[in-house]
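Only one structure is covered here, and it is reproduced in the block below.
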Amino acid sequence: CVLCGRTDDCTEKYGEKRTYVKYNLTVHNYCLLMSSGIWQRGEEDEGVDGFLITDIRKEVNRAAKLKCNICRKKGASIGCVAPKCKRSYHFPCGLQRECIFQFMEDFRSYCWEHRPVQEFTDQEPRGASQCTICLDLVEHLPVYTVLKSPCCKNAWFHRECLQYQALSAGIFFFRCTVCNNKEKFQKEMLRMGIHIPERDASWELEENAYQDLLHCYQHCDVIRCLCKKGRDYNEPDSKWEIKRCQYCGSRGTHLACSSMRSWEENWECMECRSIFATSGKYSKQKKRSLATSEKTNGTTCLLEEPSPKSPRQSSGSPRNFLLQSPKIMCQNLSPCSHRELRASNRMTMSLSTVMSNRYWSLRHKRLTEQRRKVCNILKELKVQVKTKPTRLNINAENIWSSALKGFRQRIFSPTNTIEVSFLNCKNRSKTNTSAASKHHFFQLLMLHLQNSSLFEGSSGKHLSLDFQALEENLYFEAGKMIAVSLVHGGPSPGFFSKTLFNCLVYGPENVKPCLEDVADDDVAQTIKKIKYANSLSSLQSTLQDCCEFLAAAGCLRPVTALCDKNMLVNDILIYHVIKRVTLPLESFRQGLKTLGVLEKMQMHPHVFSSIFCHKPERLSAKTICDLFTIHPSSDVNKGEAADFWMGYLQDVESGESVLTLEDILLFVTGSCYIPSIGFDPEPTIKFLRIRYPIGNRLLNCLELPITKTYQQFKNKMEFTIRNTLKLERE
């Protein structure tokens, strides 16, 4: 900057830094506005926002004769307006020395000795309160960094928070966050040096910011969609027309998928139906719909979506036949010999094995399809991420503390590109790029969260109740980290229990927990004793032994019948699994709202459950082969080279190589896992006439040598990748 001499480009502090190549001129906006010897003599489109180039040159020459009273360097273009004060300084130096610059009227500046101050009376409450912008504590002290609201007695703010808020909200939306006063609040903040730009709010200036409000929901959400053209297919005036929920309008179904004969019939989604069920208002509607279905040619109405555990089958279907036990089969069929019975058992067992394998194959295929959809959804969210970088300095030996410090720094923004630097890595290889560091960081972070005190349980984890973590707002930070990890190319969590996921997506009031969700062994044993009590006396004895626990859970009540135990067990489960962790759950949900992740989870729950409740699939030769595409520039005999590549992947998978599939992926992309959002750019392979393989992590490109024999290809792959990764680890 020609006025302050600094190269800093911080819009929040110094205003926009503009460079005019034609005039060989670079200047900060605030440095120009606050300079004492220059005025806007031109129109808005002349020079620099009305400041003529000749006037700027004159101001630079004038300032060159003045020495800054703070840094002792020349070029101090700003002077204090207080009478008889001759202090001059640069704009950045003035900020550092806590001068006040008034962005109004004559754009006056006051030095640290003559700056305006807010009046503090003896009756002002001492101590600290919460800044309503950043939610951190702010002390009630008459200092430069703290400002109090002129319209609310108990509203205190950090100066930095107010400045960020003003830059975001603009002159039309900047107001007191407590009472919404605008005129009095803005006047005082301008007097105290807060810059309020004369423009609309940042959220109003975003292109197509409210485009989603104009979107009409067109997606079939029933468990089994019958349309061969997909869930998003919509053909008006046909059985494939999509009908939206009559209550929320945010879920839909094809008419045929819910056995609806016409558009005039009403349809309710599962979420709205569960709300009505808990309120007791749905039972009458349900009976009426069933009564109507009996009149329609004896066919069953499919208004209620079938459970995946109990699919509708006709009595004579093969699957229904296989589900019957041999003992029941013998009772239903004519008498048969033991030999025939053993043969039928063998047939049933073999068919059951086939059906089991088919089930797992279909389940794997469904999970793969759901993860592909998640990848596309996360790519839509990644559009928010800007190229402006934010660097996180991470200590791998203390991953949680350093990550927490990085995420809580004021310059951190989830929409900035994240760059990671490991502080304790002394000899990093050149191949250890920022992308590789970022992948490794998110992998370590997710592993730490999975094993942290914030979660409890063995495989499917639920939120625990940690009062210290709650006080330090760690549940919010954990949710935020998971959301940021998903959008920025980190691994999927994969350790959530179904109950936790459903609480996040559908709300805790619509979820029914089970005994497997209880992580505390003592509590689980207590619930089991109540659940499996076989007499009223044993039940009452058990309740007497654990009366303190029941009182704490709000479930202490007289029991007069053995059947009362079912409702009691249900109430205990709801308290221990859900109500007990209401505050951590809400804080965690707020964190997951970062970058719009929770909203997408609620729109596509079945899709997102594949990455939250299921561990990532293990890498296979087919997965790696499908991940890479052959680059079109490979103009050699790709057939033989591709055969070597495929054969080598199969050898690695079967354990006939010193490498693993994770090593190959790490060599090329810097990541030993496939992110939920996929790789950007997509991995490619080139077959070139080179001596050894090359992994280009910037382009995610694997350059492979062309060899005469497969053994040569294998030796070169193992030699290069093993030694490269060994150097990186060292």
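The values are calculated or read from the model by the stated rules, or taken from the named source; none is laboratory data. Quantities reported herein were computed from a predicted structural model and do not represent experimental measurements. Neighbour counts are summed over all protein chains in view; Cβ atoms, including those assigned to glycine, are modelled from backbone coordinates with ideal geometry. Each accessible area value is taken on the protein alone, full model and side chains, heavy atoms only, with ligands, DNA and RNA left out. Shrake-Rupley method; radii C 1.70, N 1.55, O 1.52, S 1.80 Å.
A quick yes/no check of all residues on (1) of a type outside the set (D, E, K, R); (2) over 23 Å from Tyr110 (Cβ atoms); (3) part of a loop (DSSP other than H, G, I, E, B); (4) open to solvent by 30 Å² or more (accessible area, probe 1.4 Å):
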site: Glu160; (1), (2), (3), (4): no, no, no, yes
site: Tyr164; (1), (2), (3), (4): yes, no, no, yes
site: Ala169; (1), (2), (3), (4): yes, yes, no, no
site: Asn181; (1), (2), (3), (4): yes, yes, yes, yes
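Considering only residues that are surrounded by 15 or more Cβ atoms within 10 Å (Cβ to Cβ) and in contact with a helix residue (DSSP H, G or I) (Cβ under 7 Å, 6 or more places away or on another chain), look in region 534-555 and name the one that is farthest from Val518 (Cα to Cα).
Filtering first and then ranking leaves Leu539.
Considering (1) on the phi < 0 side of the Ramachandran plot; (2) open to solvent by less than 100 Å² (accessible area, probe 1.4 Å); (3) under 46 Å from the mean Cα position of the chain (by Cα), say which one Gly127 fails and leave the rest.
All conditions are met except number (1).
Out of (1) of a type in the set (A, V, I, L, M); (2) part of a loop (DSSP other than H, G, I, E, B); (3) over 30 Å from Gly490 (Cβ atoms), what's the single condition that is false for Ala552?
(2)
Among the numbered conditions (1) over 15 Å from the mean Cα position of the chain (by Cα); (2) of a type in the set (A, V, I, L, M); (3) within 30 Å of Trp203 (Cβ to Cβ); (4) open to solvent by less than 10 Å² (accessible area, probe 1.4 Å), tell me where Leu583 comes up short.
Condition (4) is where Leu583 drops out.
Given Asp663, Asp643, which one is assigned to a helix (DSSP H, G or I), modelled with pLDDT under 90 and either of a type outside the set (Val, Ile, Thr) or not assigned by the TED database to the domain that holds Val597 (or both)?
Asp643
From the residues in region 385-427 that are out of contact with any helix residue (DSSP H, G or I) (no Cβ under 9 Å at 6 or more places or on another chain) and polar (S, T, N, Q), which one is surrounded by the fewest Cβ atoms within 10 Å (Cβ to Cβ)?
Per the stated criteria, the residue is Thr387.
Restricting the search to region 439-453, which residues are aromatic (Phe, Trp, Tyr) and more than 13 Å from Glu397 (Cα to Cα)?
Hit for region 439-453 is Phe442, nothing else.
For (1) over 25 Å from the mean Cα position of the chain (by Cα); (2) at pLDDT below 90; (3) assigned by the TED database to the domain that holds Gln102; (4) aromatic (Phe, Trp, Tyr), each residue gets a yes or a no:
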position: Val146; (1), (2), (3), (4): yes, no, no, no
position: Pro150; (1), (2), (3), (4): yes, no, no, no
position: Asp200; (1), (2), (3), (4): yes, yes, no, no
position: Gln211; (1), (2), (3), (4): no, yes, no, no
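Looking at region 75-93, can you tell me whether even one residue there is within 43 Å of the chain's Cα centre (by Cα), touching a residue at least 24 places away in the same chain (Cβ under 8 Å) and either farther than 26 Å from Lys17 by Cβ or open to solvent by 20 Å² or more (accessible area, probe 1.4 Å) (or both)?
Within region 75-93, not a single residue is within 43 Å of the chain's Cα centre (by Cα), touching a residue at least 24 places away in the same chain (Cβ under 8 Å) and either farther than 26 Å from Lys17 by Cβ or open to solvent by 20 Å² or more (accessible area, probe 1.4 Å) (or both).
Just need a number here: residues in region 183-202 that are within 17 Å of Met104 (Cα to Cα) and open to solvent by 50 Å² or more (accessible area, probe 1.4 Å).
Qualifying residue count, region 183-202: 6.
For region 44-64, indicate whether the set of residues that are touching a strand residue (DSSP E or B) at 6+ places or on another chain (Cβ under 6 Å), farther than 19 Å from Tyr144 by Cβ and outside the structural domain of Arg159 (by the TED database) is non-empty.
Scanning region 44-64 turns up at least one residue that is touching a strand residue (DSSP E or B) at 6+ places or on another chain (Cβ under 6 Å), farther than 19 Å from Tyr144 by Cβ and outside the structural domain of Arg159 (by the TED database).
Can you tell me which residues in region 95-112 are closer than 22 Å to Lys187 by Cα and out of contact with any helix residue (DSSP H, G or I) (no Cβ under 7 Å at 6 or more places or on another chain)?
Answer for region 95-112, where residues must be closer than 22 Å to Lys187 by Cα and out of contact with any helix residue (DSSP H, G or I) (no Cβ under 7 Å at 6 or more places or on another chain): Glu98, Cys99, Ile100, Glu105, Asp106, Arg108, Tyr110, Cys111, Trp112.
Return yes when Lys528 is buried (at least 17 other Cβ atoms within 10 Å of the Cβ), outside the structural domain of Ile674 (by the TED database), part of a helix (DSSP H, G or I) and not aliphatic (A, V, I, L, M) and no when it is not.
Judged against the criteria, Lys528 is not a match.
Have a look at Arg41, Arg6 and point out the one that is farther than 27 Å from Ile194 by Cβ and either crowded, with 17+ Cβ neighbours inside 10 Å or not aliphatic (A, V, I, L, M) (or both).
Checking each option against the conditions leaves just Arg41.
Taking the residues in region 531-549 that are among the hydrophobic types (A, V, I, L, M, F, W, C) and part of a helix (DSSP H, G or I) as candidates, determine which candidate is farthest from Asn502 (Cα to Cα).
Once the filter is applied, the top-ranked residue is Leu536.
Can Cys625 be described as within 16 Å of His439 (Cβ to Cβ) and either of a type outside the set (S, T, N, Q) or assigned to a helix (DSSP H, G or I) (or both)?
no
Residue-wise test of (1) open to solvent by 20 Å² or more (accessible area, probe 1.4 Å); (2) within 30 Å of Thr415 (Cβ to Cβ); (3) of a type in the set (S, T, N, Q).
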| residue | (1), (2), (3) |
| --- | --- |
| Phe608 | no, yes, no |
| Lys615 | yes, yes, no |
| Leu665 | no, yes, no |
| Gly670 | no, yes, no |
| Glu682 | yes, yes, no |
| Phe687 | no, no, no |
| Leu704 | no, no, no |
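Spot the failing condition for Thr560; the list is (1) of a type outside the set (Lys, Arg); (2) part of a helix (DSSP H, G or I); (3) free of Cβ contacts under 8 Å to residues at least 40 places away in the same chain; (4) not assigned by the TED database to the domain that holds Asp651, and only one is missed.
Unmet for Thr560, out of (1) of a type outside the set (Lys, Arg); (2) part of a helix (DSSP H, G or I); (3) free of Cβ contacts under 8 Å to residues at least 40 places away in the same chain; (4) not assigned by the TED database to the domain that holds Asp651: (2).
Please verify whether region 138-147 includes one or more residues that are under 24 Å from Cys99 (Cα atoms), crowded, with 19+ Cβ neighbours inside 10 Å and of a type outside the set (A, V, I, L, M).
No: region 138-147 contains no residue that is under 24 Å from Cys99 (Cα atoms), crowded, with 19+ Cβ neighbours inside 10 Å and of a type outside the set (A, V, I, L, M).
Residue by residue through region 490-513, note down the ones that are surrounded by 23 or more Cβ atoms within 10 Å (Cβ to Cβ) and small (Gly, Ala, Ser).
Matches in region 490-513: Gly490, Ser492, Ser497.
Only one of (1) modelled with pLDDT of 50 or more; (2) open to solvent by 60 Å² or more (accessible area, probe 1.4 Å) fails for Leu323. Which number is that?
Condition not satisfied by Leu323: (1).
Report every pair of residues separated by at least 6 positions or lying on different chains whose Cβ atoms are under 7 Å apart, first residue within region 140-160 and without any contact (Cβ under 8 Å) to a residue 60 or more places away in the chain, second surrounded by 15 or more Cβ atoms within 10 Å (Cβ to Cβ) and among the aromatic types (Phe, Trp, Tyr).
Pairs found: His140/Trp156; Val146/Trp156; Leu147/Phe157; Lys148/Trp156; Ser149/Phe185; Pro150/Phe185; Cys151/Phe185; Arg159/Tyr144.
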